[in-house]
Amino acid sequence: MINHHFDDVPRSYLFSEVARRVQTYRQAHPDKSLIHMGIGDVTRPLCPPVVQAMQAASAEQGQADSFRGYGPEQGYPFLRQAISGYYESMGVQVDPADIFVSDGAKSDLGNLPDLFTTDCRVLIPDPVYPVYRDTNLMAGRPVAYLDATRENGFLPLPDDSLDAQLIYLCSPGNPTGAAYDKAGLTRWVEYAREHDAVILYDAAYESFIRSGVPRTIYEIPGAEECAIEVCSLSKTAGFTGTRCGYTVVPRTLVREGMNLHDMWLRRQSTKMNGVAYPVQRAAEAVFTPAGLAGCRESIDAYLRSAAVVARVLDDLGIWYCGGKDSPYLWMECPRGMDSWAFFDALLENAGVVGTPGSGFGRNGEGYFRLSAFAGEQQAAEAMARMADWLRRG
């Protein structure tokens with residue numbers, strides 16, 4: 001009667017364990033100030049055009065002639081059209097009919113495996129965002145891990161020895177911040193097409209890209225026949241507490257005679273009643289010129305914080321990746337420490353909270369994730385504390 005596959009999932013969610021240790025520290029040191037550079041929550045507020053749109057839509061809900069009840073299952077056409085226009089600005093054509101609005105990338109990444117059998121072979125990079133792994137372990141799917149290491153820039157590529165039907169990719173990556181170039185993504189699309197596999201592509205951090213690497217997998221020819229793309233406004237527009245994202249399931253994606261677009265529509269209409277109308281109006285405002293300018297201002301601020309962190313790591317001679325096309329920096333733990341030992345030492349000696357790399361998988365051991373979502377001033381203070389502790393020996 002009970003799904004015993006839950007026993008295959010780590011007992012404590014990574015960020016719950018981080019929170020527990022921080023709480024223990026606070027109780028022991030109530031006078032000490034902490035700087036959070038760990039969990040990837042945003043700190044800057046929603047930009048004015050987004051707030052104004054949400055306020056106006058909320059007021060509409062208070063009037064009989066403009067009140068709206070249940071919305072369309074895929075999301076309101078006005079938002080799907082706006083998202084399609086956003087893709088067009090990247091030089092990519094995505095039909096609004098292929099776009100599904102949701103409450104965020106995490107939900108869709110956890111729910112999309114509903115389209116696949118429990119014996120579907122899943123391939124997940126290691127280290128990895130825990131939701132990819134835990135979702136499939138809960139369902140009892142066989143999970144294989146693809147080694148992402150310093151040697152391959154934490155950007156593993158496929159080879160013919162792989163035997164995968166469902167592949168998770170994230171670029172820029174969480175936790176590493178590493179981003180695939182066009183050649184790397186092309187290799188993955190070619191592999192998926194040759195092996196009738198499906199790629200679940202997490203593009204939650206695409207708006208941080210500045211270097212010219214692909215911002216969507218649909219920049220790669222043929223991706224519409226093998227890839228589902230999931231994106232979120234959480235980091236793009238500060239919607240971590242507002243909750244809105246979108247997923248593209250092309251109607252050209254067919255496996256075993258089944259159209260995955262139609263399957264996802266059936267799944268969503270059965271298990272979900274959509275995203276609130278005021279939130280969808282706020283999301284629509286994100287994609288206006290004023291909205292995009294306001295969001296870019298926040299993203300640029302986060303990238304400046306990342307640059308502050310990177311400069312100190314460079315000065316300390318600590319290896320890292322990320323921080324250029326991503327709000328995350330993935331650093332090697334100094335002094336040969338393991339990830340949790342460095343977490344505890346950094347907390348105790350510098351009052352700085354990060355995220356231990358081992359929580360993201362076996363290959364994360366010995367590494368540590370720092371987030372740039374703190375303000376520049378806080379990032380500078382956090383890194384000054386870290387540098388002072390490490391230089392003291």
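Dipole magnitude for the range 48-288: computed about the Cα centre from +1 point charges on Lys and Arg Cβ and -1 point charges on Asp and Glu Cβ, it is near 680 debye. The loop-placed trypsin sites (Lys or Arg not before Pro) in the range 323-393, going by DSSP, include none that has at most 14 neighbouring Cβ atoms within 10 Å of its Cβ. When restricted to Cα atoms, the range 173-212 yields an Rg and a Dmax of 11.6, 32 Å, respectively. Cα to Cα, under 22 Å, and not fewer than 8 places away if on the same chain: which lysines meet these conditions relative to Lys324? Within reach: Lys182, Lys235. When the alpha carbon coordinates of the range 7-56 are projected onto the principal axes, the ranges are 44, 39, 16 Å, largest first.
A simple spin-label model places the labels of Arg362 and Leu316 2.8 nm from each other, with each point 7 Å out along Cα-to-Cβ. Mean residue ellipticity, 222 nm, helices only, the chain: the sum of -39500 (n - 2.57) across DSSP H runs of n ≥ 4, divided by residue count and rounded to 500, is -12500 deg cm²/dmol. Each of (1) 33, 27, 20; (2) 29, 28, 18; (3) 36, 24, 21 is a candidate for semi-axes √(5λ) of the Cα gyration tensor in Å; the one calculated from this structure is (1).
With both residues required to sit in the range 48-288, DSSP beta bridges show an antiparallel share near 40%.
Taking 0.36 nm per intervening residue step and subtracting the Cα-Cα distance, what contour gain separates Ala345 from Thr252 on full extension? Spell out each step's value before the answer.
Numbers: separation 93, 0.36 × 93 = 33.48 nm, distance 5.13 nm.
Fully extending the segment from Ala345 to Thr252 adds 28.4 nm.
Karplus-based coupling profile of the range 329-342, in residue order and whole Hz: 10, 10, 10, 6, 5, x, 6, x, 5, 7, 5, 6, 5, 5, with θ = phi - 60° in 6.51 cos²θ - 1.76 cosθ + 1.60 and x standing for Gly or Pro.
Each of Thr118 and Met90 was given a label point 7 Å from its Cα along the Cα-to-Cβ line. The distance between the two points is 3.5 nm.
The share of Cα pairs per 5 Å bin across the range 79-228, counted from zero up to the longest distance, runs 2, 9, 19, 23, 23, 16, 7, 2, 0 percent.
How big is D for the range 211-257, in µm² s⁻¹ as a whole number, if Stokes-Einstein is applied with the Kirkwood radius of its Cα pairs at 10 °C and 1.306 mPa s? The estimated diffusion coefficient comes to 128 µm²/s.
Coupling constants for the range 197-204 follow from the phi torsions by the Karplus curve (6.51 cos²θ - 1.76 cosθ + 1.60, θ = phi - 60°), and in residue order they are 8, 10, 9, 9, 9, 8, 10, 4 Hz; glycine and proline get x. Residues whose amide H falls under 5 Å from that of Ala179, counting only those 5 or more places apart or on a different chain, are Gly173, with hydrogens built in the peptide plane. Near Thr355, the amide H atoms lying under 5 Å from its own belong to Arg369; only residues 5 or more places off or on other chains count, and H is placed 1.01 Å from N. Legend: calculated FRET efficiency, Ser66 to Arg391, from the Cβ-Cβ distance at R0 = 56 Å, rounded to 0.05, equals 0.35.
We did not get these values from a lab; they are worked out from the coordinates using the rules stated. Because the structure is a prediction, the values reported are computed rather than measured. Please note: Cβ atoms are built from the backbone with ideal geometry, for glycine as well, and neighbour counts cover all protein chains shown.
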